[in-house]
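The structure appears right after this line, and notes come after that.
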Amino acid sequence: MVVAAVIVLGAFGYLMYGGLDKNVVFFLTPQELLAKGTEVVDVPVRLGGMVAPGSVKWNAETLDLRFQLSDGVKTVEVHSKGAPPQMFRDGMGVVCEGRFGKDGVFESTNLMIKHSEEYHPPKPGQTPQEMYKAMFETLREDGKS
Amino acid sequence: MSTSARAGTRARGLWLGVGAFALVAAAQAWAIASSPADRDMAHLQKIMYVHVPAAWNMMIAFFVVAIASLRYLWKGQERDDLLAASAAESGTILTGLTLVLGMIWAKPTWGIWWTWDPRLTSTAVLFFLYVGYLILRAFVDDPDRRAQWSAAVGLLGALNVPIVYMSVRWWRTLHQVQSSPQTLDSSFTVGLRLNAIAMMVVLVFFIRHRYETARMEREAELLQERAALGGRGGING
């Protein structure tokens, strides 16, 4: 019983103070990715950050998406094929699964939205229908440019 | 327990059940009617009113499992074992509900049904640990051995609860960290708390109901045993 208690407390102590928080990460930030250099080139990795405002280039005909992913310090260009999730837009948190190419572009094969813990009502006068519509319109306009 | 006392307990249990589900219906209706659309996910946010209360209450249920299991190992009383089993069963249902609703929310929000991030993985582990606990109980016939083994597994499973809760803070996950009144607009908080309380009443009802059933099952088992041994007071006695 005492041995079991020591093992359990030890395991919890390790989880809390053992620096596991540095090792177990679901995704790397652009700063961490770039710091790792050639080690992470062309290997499956997850990259997470924010969609840099104004950087989204979406071609609705070829379903081709390019944008800058930023963590506030460094920025990585991401290329992805196919329609992004509904909530994809400027300033949104995103996690991409894919590979960081030699050309410095991250080829994303799976794009996920990382929603924050913040929940707020829309701005005055904005209805849910308008929100969805606006979401798609921004994407369409970006495709034309 | 006398027959009339049992009938009284059952009637009280029935009213608790009716009240619990009426409270859930009222809390849901109020939360859905009173809260605005979220600025990112519009009315998809409403899933929060079941997903989050289910997650909170599953933690309460497994906390009850831990306390009852510890008490059983200490005092060896059968009622603690039956209470742990009832709480574990209710907690498993709530964990399943949390996972399923989380997935339904994740598909339109994150763009995926599932991913192996620390929060999702630890919750899935919690779910399967307690499914294992319930299977273990069904497979062991000897009541003392069943109680001892399941108390050990029940405790082990409950140790996973703080890991599930802290996973979003200890590790970098896709799942967001816990919202607080600072990050959750006040128009959502009252509905969330109301539903958490309603869900807790449902949890109390579930645990109580399962406990009463378990007591009756045990009494029937004992009667059968006595009858098989040819003693008096059995079914054929």
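The values are calculated or read from the model by the stated rules, or taken from the named source; none is laboratory data. Just so it is clear, the model here is predicted, and its values are computed rather than measured. Don't worry about glycine lacking a Cβ; one is built from the backbone with ideal geometry, like all the others, and counts go over all protein chains shown. Note: accessible area is taken over every heavy atom of the protein model, side chains too, but ligands, DNA and RNA are not part of it. Shrake-Rupley method; radii C 1.70, N 1.55, O 1.52, S 1.80 Å.
Data overview
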read-out: Efficiency of FRET from Cβ geometry, A:Glu61 and B:Val125, R₀ 41 Å, rounded to 0.05; value: 0.40
read-out: Pairwise Cα inverse-distance average, inverted: Kirkwood Rh of chain B (Å); value: 19.7
read-out: Relative pair counts by distance (%), Cα atoms of the stretch B:153-237, 10 Å bins; value: 13, 19, 27, 17, 11, 9, 4
read-out: Carbon and sulfur %, accessible surface of chain B computed with the full protein complex present, 1.4 Å; value: 67
read-out: Karplus 3J(HN,Hα) series, Hz, for the stretch A:78-83 with 6.51 cos²θ - 1.76 cosθ + 1.60 (x for Gly, Pro); value: 10, 10, 9, 10, x, 5
read-out: Sites B:Trp149 and B:His43 - FRET efficiency at Förster radius 51 Å, r taken between beta-carbons, to 0.05; value: 0.65
read-out: Crossing angle, helix B:118-139 versus chain B [Cα axis fit, 0-90 degrees, rounded to tens]; value: 10
read-out: List of the stretch A:74-88 residues, accessible area with partners at least 30 Å² below that of the chain alone (1.4 Å probe); value: A:Met87
read-out: Solvent accessible area, Å² - B:Arg145, 1.4 Å probe, full protein context; value: 120
read-out: Helix B:143-170 axis, angle to chain B major axis (alpha carbon atoms, nearest 10°); value: 10
read-out: Rg over Rh, two decimals, the stretch B:1-119 (C-alpha only, Kirkwood Rh); value: 1.10
read-out: Whole-Å distance, taken between Cα centres, linking the stretch B:169-225 and the stretch B:30-102; value: 3
read-out: Solvent-accessible area, 1.4 Å probe, carbon plus sulfur percent, for the stretch A:24-113; value: 52
read-out: With DNA, RNA and ligands ignored, accessible area of A:Lys74 (1.4 Å probe; Å², nearest 10); value: 90
read-out: Heavy-atom accessible area order for A:His120, B:His43, largest first, 1.4 Å probe; value: B:His43, A:His120
read-out: Separation in nanometres of the label points that stand 7 Å from Cα toward Cβ, at A:Val8 and B:Glu221; value: 2.4
read-out: Largest-first ordering by accessible area, 1.4 Å probe, given options B:Met200, B:Met59, B:Met103, B:Met41; value: B:Met200, B:Met103, B:Met59, B:Met41
read-out: In degrees, nearest ten, helix B:78-110 long axis to first principal axis of chain B (Cα); value: 20
read-out: Contact order normalised by residue count of the stretch A:24-113, Cα under 8 Å, 6+ apart, percent; value: 30
read-out: Amide H within-cut-off set for A:Leu28, under 5 Å, with H built and near neighbours excluded; value: A:Arg46, A:Leu47, A:Gly48
read-out: For chain B, built as a Gaussian network whose Cα springs stay under 10 Å, the top-fluctuating residue of B:Thr183, B:Thr92, B:Thr173; value: B:Thr183
read-out: Using distinct alpha-carbon pairs, which all enter the 1/r mean, Kirkwood radius of the protein assembly as shown in Å; value: 24.0
read-out: Whole-number accessible area per residue in Å² for the stretch A:24-113, which is evaluated in the context of all protein chains at 1.4 Å; value: 47
read-out: Computed over the stretch A:24-113, the ratio Rg/Rh where both radii use C-alpha atoms and Rh is Kirkwood; value: 0.93
read-out: Accessible area expressed per residue, chain B, with surrounding protein chains retained (probe 1.4 Å, Å²); value: 50
read-out: Exposure rank, largest accessible area first [A:Val3, B:Val168, B:Val50; 1.4 Å]; value: A:Val3, B:Val50, B:Val168
read-out: Theoretical FRET efficiency, 1/(1+(r/R0)^6), r = Cβ-Cβ of A:Glu39 and A:Val73, R0 22 Å, to 0.05; value: 0.70
read-out: Buried accessible area, chains A and B (both chains, 1.4 Å probe, Å² to nearest 100); value: 3400
